[in-house]
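This report refers to the structure that appears directly beneath it.
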Amino acid sequence: MPESYTYRMRVKENVRVTDPACQDEVVQLTLETNNCSAVTSFQTGQYVRIAIPGLQEPSPGYFAIASSPEDSDVYEFFIKKSGALSQYLCGLPEGSELDVEGPMGKGFDLETHKGSDVYLIGVGTGIAPLRSVWRHIIHHRTDYGRVHIYAGFLTSLHQLLTDELENLSNHDIEVSITLEMGNDNWDGPIGYVQHALESDAPDSKHAIACLAGMSVMVDTCTETLQNLGFDESRILLNY
């Protein structure tokens, strides 16, 4: 696993990705090294600690890497504007500097599961580390069997990566989107991602599941997967 370092990075791009009408703001924050060299290598699902140079407040925070290990020139993150640090990060202009420590965490060890079907399950910005996984799989598509993403969002306005998720069918990756609250224009599943899992009842034989998100969601989906026959050793968490 890559060794952890602390080094200075700068904002390459900071773009809002939630609908302008959505009250919850989420940005895609892209960081590059100051000398434009390769970033420290990492494993899918790992995260970093981000701090503001020279400031104790807002205190540092941890964010999952959303880019793939093959994207060696940048780290990408999806950050929801909520606490003090995330509010600061959401407003940073290009060129702003940040201290980044990492990578950290065990991540998702896909190498030991080549040949398996892969199910990726997450909600909201919890899909960030899963994006790292599916983008990595695209580079190694023949190493894995069926790949299916189960993503959940509060409403259609809260959806992230709509175009990217739609285009994954070009890589033989299936996507199921569930909204907690639907609308007249929504004809997909309504409820929670575990309900979509229960309805599809994916085959647990020769399969792994990667979970990311709030602990309540992870616990509920873990129970659902176990009821579907998934062994605990094949339900992967990134922490």
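A short reminder: the numbers here are calculations on the coordinates, not readings from a lab. What you see is a predicted model, and the numbers here were worked out from it, not measured in a lab. All Cβ positions, even for glycine, are placed from backbone atoms using ideal geometry, and neighbour counts span all protein chains on display.
Values as computed for the structure displayed
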read-out: Chain lengthening between THR6 and LYS106 when straightened (0.36 nm per residue, less Cα-Cα); value: 34.2 nm
read-out: Cross-link reach list, lysines versus LYS81, counting only Cα pairs under 19 Å and skipping chain neighbours closer than eight places; value: LYS12
read-out: Sequence-separation-based contact order of the chain, relative, with Cα cut under 8 Å and 6+ spacing, percent; value: 20
read-out: Gaussian network model of the chain, Cα within-10 Å springs - most flexible of THR112, THR162, THR224; value: THR112
read-out: Candidate aspartates and glutamates - alpha carbon under 17 Å from LYS80, same-chain residues fewer than 8 apart omitted; value: GLU13, ASP19, ASP24, GLU25
read-out: Estimated FRET transfer efficiency when R0 is 25 angstrom, pair LYS114-TYR62 (beta carbons, to 0.05); value: 0.30
read-out: Gained length - ALA84 relative to GLU180, 0.36 nm times residue gap less alpha-carbon distance; value: 31.9 nm
read-out: Label-point gap, in nm, between SER215 and ASP187 - each point 7 angstrom along Cα→Cβ; value: 4.1
read-out: Sorted by Cβ neighbour density within 10 Å, fewest at the top, the residues ILE137, ILE52; value: ILE52, ILE137
read-out: Percentage relative contact order, region 5-104, counting C-alpha pairs under 8 Å, at least six apart; value: 40
read-out: Inter-label distance, nm, simple model (7 Å from Cα along the C-beta direction), GLU166/SER199; value: 2.0
read-out: Net charge of Cβ neighbours under 12 Å - reference HIS140; Lys, Arg +1; Asp, Glu -1; value: 0
read-out: Low-density loop cleavage sites - GluC sites (Glu not before Pro) in region 88-152, where at most 14 other Cβ are within 10 Å (DSSP); value: GLU94
read-out: Within a Gaussian network of the chain (alpha carbon springs, distance under 10 Å), most fluctuating of MET104, MET217, MET181; value: MET181
